[in-house]
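Q: This is the structure I want to talk about, given as C-alpha cells.
The values are calculated or read from the model by the stated rules, or taken from the named source; none is laboratory data. What you are looking at is a predicted structure, and each value in this text was computed from that prediction instead of being measured. Quick reminder, even Gly has a Cβ in these numbers, built from the backbone with ideal geometry, and neighbours come from all protein chains shown. Each accessible area value is taken on the protein alone, full model and side chains, heavy atoms only, with ligands, DNA and RNA left out. Shrake-Rupley method; radii C 1.70, N 1.55, O 1.52, S 1.80 Å.
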Amino acid sequence: MASVNPFNLSDSEEEAEHRPNESVDTQRSPSQGAPGPPPPGNPFSSPADAEPPTPLLSSNRTSPNGEGISVSAPATSAMAGSTEARVSVDIIAAQLLRDQFILTALEFHTELLEAGRELPRLRDYFSNPGNFERQGGTPPAKDQVLGPGGPLNRAGSISTLDSLDFARYSDDGNRESDERVAESDVLSQERKNLKSCPEIQEPIRQLEKRALNFLVNEYLLKNGYKLSSITFSDENDDQDFELWDDVGLNIPKPPGLLHLYRNCGNVPPSQRNMVDVSVAVDASELLGNCQQTEVVQELEYQLGLLSSEKQSLADQIKNAVIRFSGSKVRPLLCHLVVKTISKSEFRVNDTDPTVIALAVVFSRKLSPAFQQALLSFCRMCSDSRLGAEVSRIADSEESVMLMLGRCLPHIVPNVLLAKREELIPLILCTACLHPEPKERDQLLHILFNLIKRPDDEQRQMILTGCVAFARHVGPTRVEAELLPQCWEQINHKYPERRLLVAESCGALAPYLPKEIRSSLVLSMLQQMLAEDKADMVREAVVKSLGIIMGYIDDADKYPQGFELMLLSLGDPSERVVNAVHQVFIPAFSAWSTELGNLHVALIPSLLTRIEKLLPQGEHGLDEHKLHIFLSALQSLIPPLFALVLQNAPFTSRATVHADTPAIEVTRFPRPASPLQDIATIIGSREVLSVLLQLYDHQLELEGTTGWDSLLWVVNQLLPQLIEIVGRINVTSSTCVHEFSRFFWRLCRTFGKIFTNTKVKPQFQEILRLSEENVDVSAGNGILTKATVPIYATGVLTCYNQEEDRKLLVGFLEDVMTTLSLSHAPLDSLKASFVELGANPAYHELLLTVLWYGVVHTSALVRCTAARMFELLVKGVNETLVAQRVVPALITLSSDPEISVRISTIPAFGTIMETVTQKELQERVKMQLASFLEDPQYQDQHSLHIEIIRTFGRVGPNAEPRFRDEFVLPHLHKLALANNSHAGESKRIDIATQLFEAYSALSCCCILLSHETVMVNHFLPGLRCLHADMEQLSPEHEVILSSMIKECEIKVENRGMSDAQGSISIASSLVGEDAKTKFLSKMGQLTTSGAMLANVFQRKK
C-alpha cells in the first residue's frame, strides 16, 4: 500500500474532489445557519490573522452522525450568536498527524471506525508499516512521519507498536525471557551502547544471527562467491536461505549488505520546513439566500423526525429496564454496550431481549466521559494490527476470508515446523474463498513452502489439501494458481520439495484441463525424469506419469509415452523400475488397449527390439537390455489376456449370477500391483469368473474361429517368441531364466487348456524327440539351443499335478538320452538342471531322471548322468546326498566302462567341497583314494587329468584337513610321477593341469595348518613341477622359480618367528616384489586362454 503524506494539505483537497459527498471545510452542518467568517481556531485562516492557538478538540463529543466536531468555547462565543461552525474531520486528522499527536490520531481513527465513518487519510497512514519503521542509516522517505527527534522507529513487527515475544512461537525456541523486547527497543539500546562504549557490545541474539546469515549469503551469491555460499549454507543447515520468513522476524527483508554498509554512517537530513496554507470560500458565493433557507427548513424537518424517534426509543429502553431489572450481564458485552451507547450509536431492537437486557446496566446517571474513563482501566489493545483484527469481528463469510488472508502470513512463521501441517485446512479454505487473486497466490505459496523438508505424512496432508482445493475451484483456477507453485519448485535444492512437486502433478491430473495435462504437466514430469538425481523423486515422477497416462486422451502423445516407458525402464534405480511395472506400464497398456495398439503396436515394437539384440556374429547379447524389454512384455501379459476376454465371441453372453463360482486363488500368478490384477482390469471378480468359464468352454469345445485377438497370440506371438528363444545363447543363465519366467507367467495367465492345446504342441513340433531322429544330428540341432531349458522350466512346470510331473520327467529323460547318443553338447540339459535345481521342489524329480540315466543300458547315457550329479549336488540337502546321490555315484564308480568311472570324479569333488558330514566325507575320500592308489588306474591318463582338475577346483574351498592330508600329498605324488613319464604330450598335459592347480591353491589364500605340509608336500611338488616346466615350458619355469623362492623364504621366517601364527600361502608366496614378477610373467605366457583363466580361481 502506498505511503500517505500527512503534511501535504493538498491531499485533502484532492480527496474532496474525488469524494464530493464528503464534507469539506466550506460545508456546514444544519445547525450552522448562515455562513460567516472563519473562526479564530480554524486551521485554514491565515497565520497572520489567527488568534493564539486553541485546542482543536473541545470537551464536546462527536455528534451522533459523526459529521464533524464542535469548536472550542472561545470560538463559539466569538461568533456572536451564530450557529456552531464545523471543521472537516480530514482537516483535524491532518493537523493531528502534522503535530505528531499519533496516539490521539489513532484514537480518533478508532472512534471514526466505530461510528462507521472510516477516514481514508488515517486508514492509509495506520495501515502502512513504512510510517513506523526506519532502516538503519537510510534517509527517511518524503512521506515518512518525522517526529521531534527524527523519523519514527518502526516496531518489532509490522502488526503492532508493542513488543512481541518472537522466541515463544518461533522455531528456535532457546530464547531467554530477557530477550523478549521489540526490535525498536533493541535498535535504540544498541545505539546507546555504541555511543557510550563502542568497544563493548551485547552478545548476538539468535534472530539477529539468522538475519545477518541471510544477508551474508545473499551478498555472496550476488557477487559470484558461489562456493563460499555453498559452504556457508552447509555450515548453517538449520536455516533456509531462500526464504526470508525462515529467519523468524515478522518484518520485510532489509536492504542488501552493501546498501546497509554505504548508509551506516549517514545522518538523516534535517526536517524540511513546512508551512500550512489554507483557503476559504465565502458560503454566500455558493448558495443564495433562498437556497439556504430551503436547506435549513429541510434539515429542521429531519431533525424533528429524529427527535421523535429518539423519544420513542427512550420509552422502549425504560420499559426494558423495568422488565429485565434482575438480569445479569457478561462484562465483555457490558463494555460493548457502554461504549456504543456513550457514542449514541446503539440502536435497540425490541425483538432481541438480550440486547435490551444489556441496557439495564446503564440506568445509572453517569456522564459518558466518566463511563469512558472508567472503562479505560480494562486493559485492552486496539492500537496494533492484531488489536485491530481482534476488535473488528468479522460479520460475514467474505470478511472472515479477508481476515484470515491478513492474519495467516503472520501466523505461519511463528508456528513450530513439526506442527505446521495443522494450518493446512485454514490456508486452503482461505485460498479457495478469498476474493483477491494476489492474496490467494500468496497463500498457496505459503502452502507449498510451509515445511522446509516435508516428510511422507506431511506431504500426504498437503496433497490431500491440493486435491480438495482442485475439486472446489475447478480446472481453470488449478491451472492458474496451483501449477505455477509446482513449476517454481521443480528445481528446489531439497529433494523432499521436488518430491512434493512430482506427487502433486499426479494428484492434480484428474482436475486439470486436458490440454494442460498432455502438454505442460507431461513436459514437467519428463524433465524431472531425465534430470533429477534423487531416486525417490524419479520414482514419484514415474507414478505420476502413470496417472497422466490414465487420463490423457491425445493420441498424438502415444509415441512420447512409449519413449518415456523405455527411458524409465532403463533407470539405474530398482525402485524406479518397480514403479514402472506397478503403475506406468499398466496405465499405458490400458491407453494402448483403448487406441487398439496393444497387440498391433506396443507388443510388436518390444519384440522387434528384442530381435535386434540377438547375437550377430561376434557381438554378444546385451543381457541388461533384454531384461528391460522382456520384463516390459511380462507386465503386458495381464492386459493382453483381458483384451482376449473382452474381444471374445462369448462376451455378449456373459451374465453374472448369484451362483457364480469364485476364482481359484492360484488361477493367476500373483500380480505385481493392483493395476496388474486382471479382475481390476475387467471390472470385478464376478464378471471375470463368468468370462473364465466361457473362455475354458470356448477353447475346449467350440474353437477359436472369429476370435481375432486369441488367434494373434497363437499364430503370431507364440511363433515369434519360440524363434527368439532358439537364437539366444543357452549358456547364458540370465537369458534362460528371464524367458522361463516369461513363458511361465504367460501359460499360467492363459490357463491350462490353452497351454496344453496351443503352447505345448508348438514346442513339441520344433523339438521333435522321435526315435528315428536320434542319430541324425541335423534333426536335433534345436536340442542344443535354449529352447529345451525354457520349454522344460517355463512351460512344463506351470502346473504341478501328477501327469504334468510325469511329462516333465519323460521330456528330460528323452533329452538326456538323445543328446548322449548323438554326442551333442550337454549345455541345454545342464541349463535345465541348473534352473530346476534352484527350486527344492524339483530335487526329487531330477534325482529320478538321473537314476534313469544311472541304470541306462548305454554307457554314454550313464556318463551324462554322472556329470549331471555335479550340478545337482550343490543345491540338494545333505540327507538326499547321503541317501540318493552318493549311492548312485558309487554304483557308477564301479561301472565296467572306465569313462563312466572317470565321469564321477567331478561329482565326488563337489561333495567334498560342500558336504560337512564326516561320514560322507570319509566315504568319498575312500573312493577317490581307490582311483589314485588302485594299480589298475596307474596308466589312466584321462583319470589323472580329471583328478588334478578337480583338486584345483575344490581344493581352495574344501575342508583344511582334507586339503592338507589328501589333496596336497597326492598332487606331490602325481608331480613326482610325471617327472619320469615317457610320453611328452601326456607329460605336458599333466604338467599344465598341475600348474593350474598349484596356482589356484596359492592364489586363493590357502591357510596351511602345519609347516610340515609346506616342507614335505607343497614345496617338493612345486620343485617337481619346476623340473618338468624347465624342459617343456620355460615361461612357466620363471614363475615357478619365483614361487619356490618366496615359499622357501617364508619357511625360514616362520622358523625364526613362530609367534606370527598361520599366514596365508598367498601372502607368503606373493609379496609385493613376487606379485609384480608373477603378473608380468603371466602376461608373457603364450599358452591357451582357457588355461590362464583357471590360474586365478576365485574362492567360492
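Q: So Arg117 passes all but one of these: (1) surrounded by fewer than 18 Cβ atoms within 10 Å (Cβ to Cβ); (2) out of contact with any Gly (no Cβ under 8 Å at 6 or more places or on another chain); (3) at pLDDT 50 or above. Which condition number does it fail?
A: (2)
Q: From the list Gln582, Gln526, which one is within 24 Å of Glu488 (Cβ to Cβ) and open to solvent by 30 Å² or more (accessible area, probe 1.4 Å)?
A: Step by step, each of Gln582, Gln526 is checked, and only Gln526 is within 24 Å of Glu488 (Cβ to Cβ) and open to solvent by 30 Å² or more (accessible area, probe 1.4 Å).
Q: Please determine, by comparing only the residues of region 620-630 that are in contact with a helix residue (DSSP H, G or I) (Cβ under 7 Å, 6 or more places away or on another chain) and of a type outside the set (Asp, Glu), which one is modelled with the lowest pLDDT.
A: So the residue we want is Leu621.
Q: Could you please give the count of residues in region 414-463 that are surrounded by 19 or more Cβ atoms within 10 Å (Cβ to Cβ) and more than 27 Å from Leu402 (Cβ to Cβ)?
A: Count: 3.
Q: Still on this structure, I have one more. Within region 692-749, track down each residue that is within 39 Å of the chain's Cα centre (by Cα) and among the polar types (S, T, N, Q).
A: Ser732, Ser733, Thr734, Ser740, Thr749, listed by residue number.
Q: Something else now. All but one of (1) at pLDDT below 90; (2) surrounded by fewer than 19 Cβ atoms within 10 Å (Cβ to Cβ); (3) under 47 Å from the mean Cα position of the chain (by Cα); (4) under 25 Å from Glu723 (Cα atoms) hold for Val776; state the number of the condition that does not hold.
A: All conditions are met except number (3).
Q: Return yes or no: is Thr864 within 17 Å of Val809 (Cα to Cα), polar (S, T, N, Q) and open to solvent by less than 50 Å² (accessible area, probe 1.4 Å)?
A: yes
Q: Shifting gears a bit: I'd like to check which helices (runs of 4 or more DSSP H) are fully inside region 620-719 and have at least 1 residues that are touching a His at 6+ places or on another chain (Cβ under 7 Å) and open to solvent by 40 Å² or more (accessible area, probe 1.4 Å).
A: Because the criterion is at least 1 residues that are touching a His at 6+ places or on another chain (Cβ under 7 Å) and open to solvent by 40 Å² or more (accessible area, probe 1.4 Å), no helices (runs of 4 or more DSSP H) in region 620-719 meet it.
Q: When Gln917 is evaluated against the numbered criteria (1) out of contact with any Pro (no Cβ under 6 Å at 6 or more places or on another chain); (2) within 25 Å of Phe811 (Cβ to Cβ), which criterion, by number, is the only one it fails?
A: Gln917 satisfies all of (1) out of contact with any Pro (no Cβ under 6 Å at 6 or more places or on another chain); (2) within 25 Å of Phe811 (Cβ to Cβ) except (2).
Residues are listed down the side, and each one gets a yes or a no for (1) more than 26 Å from Gln883 (Cα to Cα); (2) in contact (Cβ under 8 Å) with a residue 60 or more places away in the chain; (3) of a type in the set (S, T, N, Q):
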residue	(1), (2), (3)
Glu933	yes, no, no
Pro956	yes, yes, no
Asp964	yes, no, no
His970	yes, no, no
Gly983	yes, no, no
Lys986	yes, no, no
Thr992	yes, yes, yes
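Q: Among the residues of region 608-619, write down those that are open to solvent by 60 Å² or more (accessible area, probe 1.4 Å) and outside any helix (DSSP H, G or I).
A: Matches in region 608-619: Gln616, Gly617, Glu618, His619.
Q: Continuing with the same structure: Spot the failing condition for Phe951; the list is (1) touching a His at 6+ places or on another chain (Cβ under 8 Å); (2) at pLDDT below 85, and only one is missed.
A: Evaluating Phe951 over (1) touching a His at 6+ places or on another chain (Cβ under 8 Å); (2) at pLDDT below 85 leaves (2) as the failure.
Q: Sticking with this one: Answer yes or no as to whether Glu835 is crowded, with 19+ Cβ neighbours inside 10 Å, of a type in the set (D, E, K, R), modelled with pLDDT of 90 or more and closer than 30 Å to Ile753 by Cα.
A: yes
Q: In addition: Can you tell me which residue in region 803-830 is farthest from the chain's Cα centre (by Cα), limited to those that are buried (at least 16 other Cβ atoms within 10 Å of the Cβ) and not in a helix (DSSP H, G or I)?
A: Among them, the one singled out is Ser822.
Residue-by-condition table, conditions (1) among the charged types (D, E, K, R); (2) surrounded by fewer than 23 Cβ atoms within 10 Å (Cβ to Cβ):
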residue	(1), (2)
Arg517	yes, no
Asp532	yes, yes
Val542	no, no
Asp553	yes, yes
Glu563	yes, yes
Leu567	no, yes
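Q: So, Ile547, is that one touching a helix residue (DSSP H, G or I) at 6+ places or on another chain (Cβ under 8 Å), of a type in the set (Val, Ile, Thr) and open to solvent by less than 50 Å² (accessible area, probe 1.4 Å) or not?
A: no
Q: I need the full set of residues from region 220-254 which are more than 24 Å from Gly130 (Cα to Cα), open to solvent by less than 90 Å² (accessible area, probe 1.4 Å) and not acidic (Asp, Glu), in order please.
A: Within region 220-254, Leu220, Asn223, Gly224, Ser228, Ser229, Thr231, Phe232, Ser233, Asn236, Gln239, Phe241 qualify.
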